[in-house]
Amino acid sequence: MQTIGDDQSSDALAGAADRLRRAVPALARRTIALYVEGAERYTGTDVPHHLERESTQTVRTIMRACIASLTETRPPLEPAITEAAALTVDRVADDLPLEEYMRCWQLSYTVLAEAAAAEIREPALVLHAVTRMREAFDLMARKVADAFAVAARDAAAADSRQDAEVIEALWTGRGWTFAEPDAVPSAPLVTHLHLGPAPGEDAAAHRDRSIARHRKVRQVRAQLRRDFADVWLMDLRARTGRIVSWSHREGLGDAEAAARTLRTLREVTGAEVTTASEPAHGLGDVPRAARVSAAALETGLRLGRTGVPLTMDDLALDHHLGHGSLALPSLLERSRPALSRPELRETVRSFIDHDLDRRATARALHVHPNTVDNRLARVAQLTGLDAHRTRDLLTLAVAALAGDAPEASGAEEAGSRAL
């Protein structure tokens, strides 16, 4: 019998590893089938879609990392751990116990070890192979189990709603008595969030819709906690969220970092997450900052600026022009014949956003520049307002930024809308 280190044994392991890699998709499907068969929580008609997608992919990742350990001194375990750890948030959202989650992991190793034994056959080489794979598997399983426990604790803390109570008290100016008054931010950053719908939230079954909402919220919470260590308090719901952070310039206060995280959230959850932040000068200033960030978020959403970090500094003119005054109903009424038409309203908005450049406007709207000219001429024909005259343009800008043609029912109500 050859020793493990000789060339023939190494070639045998390499050949077996190559054949096992090709068999991974079938082995992963077998693992999930065995898991479902032994799970009391599932029936033949009640198997979640994630078992056929995310869980099967996780099993494939586990198996490939274990197989790599047969021939590589440093197999790529960290990417597998990172991928699997990110998905633990989903399993926590499904109320899956840790023991049940790890049962699927154990099945993946068992199925792979049996396949490796069948491929290699030589007893000493089989023992060597399953030992190497087991070492890799155990390392991944320990780290992912830790990630699962962290996600479960975070979910439990969120369900307790303590952060929500504190935030509500700070938001409304009632204040809060902290056990350690010195351990609070002296100049916090206040952030409002809007969470768009995620895949599955429109499912026919109430249970599926509920699971999709919970999964989205917990994925968003976990990603924010991973990316921004300076988050102090967080309250997330299915559509909205409120955060208080320690820093004005780091975390959500860093526009580039916030934009990267929002792009990641779009990829991870399938939902557009939009934030609006405002710095506060101490906890006593939080109510003002909360009103400003809420107004910035409302303005950004009204203008279709979703999936990006917003601030009132960026939207001050849009907010000012788009909100109520005693004159707003007259301005809206004068512009209504044209701006009640979506294509004309969109053209005016884009013409303003692109500094009255007809060619840039045309590129943004994916139309010919002559189409932009024709639409602006139609606006002038319907309203008497020429977008190339300053006062007429300002009138159109107010109406275009005031929302989707709101009814002028009152000076302060016109143009405003709840988050």
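Just a few scattered comments:
- Lone qualifier among Ala276, Ala289 - being within 30 Å of Ala387 (Cβ to Cβ), open to solvent by less than 40 Å² (accessible area, probe 1.4 Å) and at pLDDT 95 or above: Ala276
- Filter pass, Arg345 being more than 39 Å from the chain's Cα centre (by Cα) and either assigned to a helix (DSSP H, G or I) or under 20 Å from Gly304 (Cα atoms) (or both): no
- Residue within the stretch 183-198 that is without any contact (Cβ under 8 Å) to a residue 24 or more places away in the chain and either within 24 Å of Leu262 (Cα to Cα) or of a type outside the set (Ser, Thr, Tyr) (or both) present: yes
- Matching residues, the stretch 335-357, being buried (at least 17 other Cβ atoms within 10 Å of the Cβ) and touching a helix residue (DSSP H, G or I) at 6+ places or on another chain (Cβ under 6 Å): Ser335, Ala338, Leu339, Leu344, Arg345, Thr347, Val348, Arg349, Ser350, Phe351, Ile352, His354
- Within the stretch 188-216, the residues that satisfy the criterion of being in a helix (DSSP H, G or I) and in contact with a helix residue (DSSP H, G or I) (Cβ under 8 Å, 6 or more places away or on another chain) are Ile211, His214, Arg215, Lys216.
- Residue list for the stretch 265-289, restricted to those being more than 8 Å from the chain's Cα centre (by Cα) and assigned to a strand (DSSP E or B): Thr274, Thr275, Ala276, Ser277, Glu278, Pro279
- Verdict on Leu170 being among the hydrophobic types (A, V, I, L, M, F, W, C), under 17 Å from Arg242 (Cα atoms) and assigned to a helix (DSSP H, G or I): yes
- Checked against (1) open to solvent by less than 20 Å² (accessible area, probe 1.4 Å); (2) in a helix (DSSP H, G or I), Leu317 passes all but a single condition, namely (1).
- The residue that is most open to solvent (accessible area, probe 1.4 Å), among those in the stretch 246-262 that are at pLDDT 90 or above and part of a loop (DSSP other than H, G, I, E, B), is Trp246.
- Residue among Glu83, Glu114, Glu78 that alone is open to solvent by 60 Å² or more (accessible area, probe 1.4 Å), closer than 25 Å to Asp208 by Cβ and part of a helix (DSSP H, G or I): Glu83
- In the set (1) within 26 Å of Thr264 (Cβ to Cβ); (2) part of a helix (DSSP H, G or I); (3) among the polar types (S, T, N, Q), Ser330 fails one condition alone, (1).
- Residues of the stretch 120-154 that turn out to be at pLDDT 90 or above, open to solvent by 60 Å² or more (accessible area, probe 1.4 Å) and either among the acidic types (Asp, Glu) or not in a helix (DSSP H, G or I) (or both), as a count: 1
- Unmet requirement for Pro97, which otherwise passes all of (1) at pLDDT below 85; (2) surrounded by 17 or more Cβ atoms within 10 Å (Cβ to Cβ); (3) of a type outside the set (D, E, K, R): (2)
- When residues of the stretch 206-245 are limited to those that are modelled with pLDDT under 85 and of a type in the set (A, V, I, L, M), the one farthest from Glu168 (Cα to Cα): Ile211
- Of the residues screened, Leu303 is one that is out of contact with any strand residue (DSSP E or B) (no Cβ under 9 Å at 6 or more places or on another chain), of a type outside the set (Ser, Thr, Tyr) and open to solvent by less than 50 Å² (accessible area, probe 1.4 Å).
Yes/no per residue for (1) loosely packed, with under 15 Cβ neighbours inside 10 Å; (2) in contact with a Gly (Cβ under 9 Å, 6 or more places away or on another chain):
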{"position": "Ala164", "(1), (2)": "no, no"}
{"position": "Ile167", "(1), (2)": "no, no"}
{"position": "Trp176", "(1), (2)": "yes, no"}
{"position": "Ser186", "(1), (2)": "yes, yes"}
{"position": "Thr191", "(1), (2)": "no, yes"}
{"position": "Leu195", "(1), (2)": "no, yes"}
{"position": "Ile211", "(1), (2)": "no, yes"}
{"position": "His214", "(1), (2)": "no, no"}
{"position": "Arg218", "(1), (2)": "no, no"}
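The values are calculated or read from the model by the stated rules, or taken from the named source; none is laboratory data. Remember, it's a predicted structure, so these values are computed and weren't measured experimentally. A quick note on method: Cβ atoms are made from the backbone with ideal geometry, for glycine too, and the neighbour counts reach across all protein chains shown. These area figures cover heavy atoms from the full protein model, side chains too; ligands, DNA and RNA do not enter into them. Shrake-Rupley method; radii C 1.70, N 1.55, O 1.52, S 1.80 Å.
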